[in-house]
Structure formats: C-alpha cells, structure tokens
Amino acid sequence: MKKDHYILGIETSCDETAASIVKNGTEIISSIVSSQIQQQKKFGGVVPEIASRLHVEQITLVIQEALNEAKLVPSDLVAVTVTEGPGLVGALLIGINAAKAFAFANQLPLIGVHHIAGHVYANQLIHEMEFPLLALIVSGGHTELVVMKSHGSFELIGETRDDAAGEAYDKVARVLGLPYPGGPQVDQLALMSDEGIDFPRAWLEKDSYDFSFSGLKSAVINYKHNMEQKGGKINHAHVAAGFQQSVVEVLTVKTVKAAREYDVKQVIAAGGVAANQGLRKSLTAALEKEGIPFYVPPISLCTDNAAMIAAAGYEMWKSGVRNDSSMNGRPGMPLKSWN
Ligand code: KG4
Ligand code: ZN
C-alpha cells in the first residue's frame, strides 16, 4: 500500500498566523488561520510591528492546534514548509523561526516556500493542475500572469507596473471611507449597483500583458475631489461599481488573450483578489465562451492560509528542494522555478 505523506505548512507573511496539515499535497487534514484583522482594523491597515507581536503570541498555539485537529504527532510528518517570502520581514521571521525549531526538534526537512507559489497551489487542493496552465495571480502585493508548463515551473508573462490589484482596492476603499481590509467591502458595494462611473482602463501597449492600476486609483480620487468641490453628493456604490468594472475588465481581457496565445489546458486564479465576486463571475463567463476550463479556489483558500503553503511545499519536497537552518525572511523574494 502506498504510504501517505503529511506535510506541515506555516504562513505568517502578513496579518494571518496560519498552520495546516496537508496529505499528499492535495487533501487538507487541518487548516488553522488566526486573523489579526480585528486588531489591525483600528489602524486602517497592517502595522508591521503589531503583526510580528501577534504572530509571536499565536504561532505555537496555531501549530499545536493544526496537529491536534489532524490527530497527528510530529513523527507522522515528512517535512515542515514555511513561507520564506515575500512579505513583512518581521512577520516572516516568526513563522520561519518556529519552522526551524520544529524541524530541528523533530529531525524533519525544512522547505521555504514562495508565498505566491502557495497561492497558485491552493488550486491543487480542489482539482488536479494540468499543464500548460495560465495562472492569474491577484493579491495585496501582486498582479501577475504566469504560464506553468509543469509543476514548479513559472514563466512570468505580465505583471503590474505600479500598484497591485489588491492595493488599488484597499486604497479606493480608504477614499470611500470603508474600513480595512477594503477589498471585500468594495466588492460588496459594487454588487449593489448595476450602474458604475465610467473610469479609464489601462490597456498599455497592444501586446503587453502588463497591468497598471495607479491611474485608475487617481481617477477615483480626482472624481471624489471634483464632486466635493462642486458640492455634489457621491454615490459610493456607483464609484465602487465603476472601479470594479475597470479592474475586472482589464484582468479578464488580458487573461483570455494570454490563455488563447499560450494554448493552455486550464486557467486558474489565485490570491486574495481572486475572492472578488465580480472577477470570478467575469472570468467564468469569458473562459466558458472560449471553452477553456477555469478554476478558482473557494474564498477561504484565496486569502492567506497555510494549506496552500503545504500544498506547494509538497511538490518542492517531492522534487528534492531543501533549506538549511540559515533560511531568512526574504521580503522581496522573486518567484523562481524549482523544476
Ligand atoms: O492574498 P492576500 O490575502 O494577501 C496577500 O498576499 O497580499 O490578498 C489580500 C488582498 C487585499 O488587498 C484585500 O483587500 C484583497 O486581497 N481582497 C479582495 C477581496 N478579498 C480580499 N479584493 C477584492 N475583492 C475581494 N472580495
Ligand atoms: Zn497572500
């Protein structure tokens, strides 16, 4: 009988302290996420120092809970995987040091995972990835189109030249006076309105798969200022809907074009903004029309979690990737292929 392989995943790159046990890279046995949203809300965003302190308080409890829920002990595991970067350096270090200590104490291999590879591999927890595939990665720090020809191979074909999609959502939310984290709030507001303000779309050069969201963000700010100067009243739902229509249209059109050009077997979406209802609907409809299978994880696996780190870590473990105890937090870590 084939032996099952259990991997521990740890994620602390931003404002979630998370640990998870995943079986054979595809099955979640336990997934614990301790969110700092309530504590960070009053500051209107993530304060790095506070994030680190809260991770310190939570990390050992969260790891223990992941093991308890899975009814496993450390000797049942084959590896410890942890987000190595990108992210807040102080936050990353809490997870990395916990992973190092756990791996050392239990004589387990240690593997550092790229946070975005984790987001991509969240898909592996809901369906089999078939190659070549196109991944649209949209999070608070990233907006990228990546072609994967096999496991662990990432070819970047487009990225944002300024703000990430999630960053634009959070900034527009702040302009509209919505609480942190703004993305889900703008999404909700946008869904309430069929009508949207006509904001610009940044298509860039004809053949480019790059993105730009800073012009759109400025257009929203200018619209608000102009209306205020004229003494007019702003319809927040119209602003949210117009902003969302612009973001979603550009993301959808470029994703469909790339999927055609690279003749991919499937398209996957990953990252916090992949939780966006408007984007999910638009990509589903556009790719269905093209006859290209489209997958997006459930919302709880789009936002930060540790199961996705264990899923990516499992593929790295199978490929023989290992880190030693000199691993450090890498805030600007590039997404590199391991195969
Ligand atoms: O992947 P993630 O949880 O953390 C990073 O790796 O950055 O993404 C967080 C980002 C935030 O900017 C948040 O506002 C955005 O994802 N987000 C959304 C939605 N849910 C989360 N943006 C738009 N619509 C949503 N429903
Ligand atoms: Zn993330």
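The values are calculated or read from the model by the stated rules, or taken from the named source; none is laboratory data. Remember, predicted model here, so these are calculated numbers, not experimental data. Cβ: placed from backbone, ideal geometry, glycine included. Neighbour counts: every protein chain shown. All accessible areas refer to the heavy atoms of the entire protein, side chains included, with ligands and DNA or RNA removed. Shrake-Rupley method; radii C 1.70, N 1.55, O 1.52, S 1.80 Å.
For (1) more than 25 Å from MET129 (Cβ to Cβ); (2) touching a residue at least 60 places away in the same chain (Cβ under 8 Å), each residue gets a yes or a no:
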position	(1), (2)
VAL239	yes, yes
SER246	yes, no
LEU251	no, yes
GLY271	no, yes
ALA275	no, yes
GLU288	no, no
TRP317	no, yes
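Each row is one residue, and each column tells you yes or no for (1) under 18 Å from the mean Cα position of the chain (by Cα); (2) in the same structural domain as VAL80 (by TED's automatic domain parsing); (3) within 16 Å of ligand 2 (Cβ to nearest atom).
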{"site": "GLN245", "(1), (2), (3)": "no, no, no"}
{"site": "THR255", "(1), (2), (3)": "yes, no, no"}
{"site": "GLU261", "(1), (2), (3)": "no, no, no"}
{"site": "VAL264", "(1), (2), (3)": "no, no, no"}
{"site": "ILE268", "(1), (2), (3)": "yes, no, yes"}
{"site": "ALA307", "(1), (2), (3)": "yes, yes, yes"}
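Candidates LEU301, LEU283: the one that is open to solvent by less than 30 Å² (accessible area, probe 1.4 Å), in contact with a strand residue (DSSP E or B) (Cβ under 8 Å, 6 or more places away or on another chain) and assigned to a helix (DSSP H, G or I) is LEU283. So which residues in segment 136-152 are in contact with a Phe, Trp or Tyr (Cβ under 8 Å, 6 or more places away or on another chain) and open to solvent by less than 30 Å² (accessible area, probe 1.4 Å), if there are any at all? Across segment 136-152, the qualifying residues are THR143, LEU145, VAL146, VAL147, MET148, GLY152. The number of residues in segment 107-163 that are within 21 Å of LEU251 (Cβ to Cβ), within 16 Å of ligand 2 (Cβ to nearest atom) and assigned to a strand (DSSP E or B) comes to 9. Per the conditions (1) in contact with an Asp or Glu (Cβ under 8 Å, 6 or more places away or on another chain); (2) away from ligand 1 (no atom under 16 Å from the Cβ); (3) modelled with pLDDT under 95, the sole criterion not satisfied by GLN39 is (1). Assigned to a loop (DSSP other than H, G, I, E, B), within 16 Å of ligand 2 (Cβ to nearest atom) and among the hydroxyl-bearing types (Ser, Thr, Tyr) - does that describe any residue in segment 164-173? No, segment 164-173 contains no residue that is assigned to a loop (DSSP other than H, G, I, E, B), within 16 Å of ligand 2 (Cβ to nearest atom) and among the hydroxyl-bearing types (Ser, Thr, Tyr).
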